[in-house]
Amino acid sequence: MPPATESDSLSALEALRREVEACTLCDLHKTRTRAVFGEGDPRARLMFVGEAPGYHEDQQGRPFVGAAGKLLEELLGAIGLTREQVFIANVLKSRPPNNRDPQPGEIEACQPYLWRQIALIEPRVICTLGNFATKLLSGDPITGITKVHGKPQRRELGGHAVTLYPIFHPAAALYTPAMLTTLREDFARLPALLADESVAEPVVPPSAAEPVVSPSAAEPPSSAEPVVPPSAAEPAVSPSVAEQLGLF
Ligand code: SF4
């Protein structure tokens, strides 16, 4: 249950931040520089959920601060919003080494933090960026982002009804012009969704979504996602890496 008042909710979110920053629940804590809790308006109506911190995010302890972050800010600006007016988080709060794909056990360990963030922030629209966030929050570990992007879905997440809106990950779109065009088109629908969430499709009862009570009930993303080969000195996402990140 969310806290009773807004003040309680803000305190709970700060307590959760401290919990995440000290978390050692999976091995990623051994290799991260800083955990990345997420940031933005703690009462945002629009929340973005990406995959995991990258190099720059790990260094700064902030989400989406690299090239993908700049694109996200540009896309937000095009619909009259700033990043301070939304909340930005990731499925994983610690960076996987060399930007490899999140592993099922890591998602299993980390996802309760995301569910608790959603319960406390109570966004009306959650925009999932790429495959991992979309599969986790939709409760559908099979259907990829290329099939569901741009299609709003009604879901019960974090204890309340939200519009789930999957779109391509900005890191993937950075290097693929056609995907960037699609991302801009999908993004342009966000104001209408925020104004009228009823345009989303009715809830399809997800068998595994919303594991606030029982995190282990949620299906992890498909383990068949390709694995990014390790690259020792590669802070940015290259086209080939983006393609292999499971971002689309
Ligand atoms: S990825 Fe999540 S579960 Fe793993 S150490 Fe970081 S905060 Fe904890």
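Values in this text are rule-based calculations from the coordinates and carry no lab data. Model, not experiment: these values are computed from the prediction. As a convention, Cβ positions derive from the backbone with ideal geometry for all residues, glycine included, and neighbour counts pool all protein chains shown.
Observations on the structure shown:
- Beta carbons closer than 6 Å, at least 6 apart along the sequence or on distinct chains, pair a first residue in the stretch 51-77 that is surrounded by fewer than 20 Cβ atoms within 10 Å (Cβ to Cβ) with a second that is hydroxyl-bearing (Ser, Thr, Tyr) for Gln59/Thr33.
- Tally, over the stretch 134-161, of residues that are in contact (Cβ under 8 Å) with a residue 40 or more places away in the chain, part of a helix (DSSP H, G or I) and exposed (fewer than 15 other Cβ atoms within 10 Å of the Cβ): 1
- Within the stretch 9-35, residues that are in contact (Cβ under 8 Å) with a residue 24 or more places away in the chain have Cβ atoms under 7 Å from residues that are within 14 Å of the ligand (Cβ to nearest atom) and β-branched (Val, Ile, Thr) in these pairs: Ala35/Val20, counting only partners at least 6 apart in sequence or on another chain.
- Subset of the stretch 64-109 (residues that are over 26 Å from Ala119 (Cβ atoms), more than 16 Å from the ligand (Cβ to nearest atom) and part of a helix (DSSP H, G or I)): Ala67, Ala68, Lys70, Leu71, Glu73, Glu74, Leu75, Gly77, Ala78
- For the stretch 114-133, a tally of residues being more than 12 Å from the chain's Cα centre (by Cα) and either within 16 Å of the ligand (Cβ to nearest atom) or assigned to a helix (DSSP H, G or I) (or both) returns 4.
- Summed over the stretch 24-63, residues that are within 16 Å of the ligand (Cβ to nearest atom) and part of a loop (DSSP other than H, G, I, E, B) total 18.
- Some residue of the stretch 103-115 being farther than 19 Å from Phe37 by Cβ and without any contact (Cβ under 8 Å) to a residue 60 or more places away in the chain: yes
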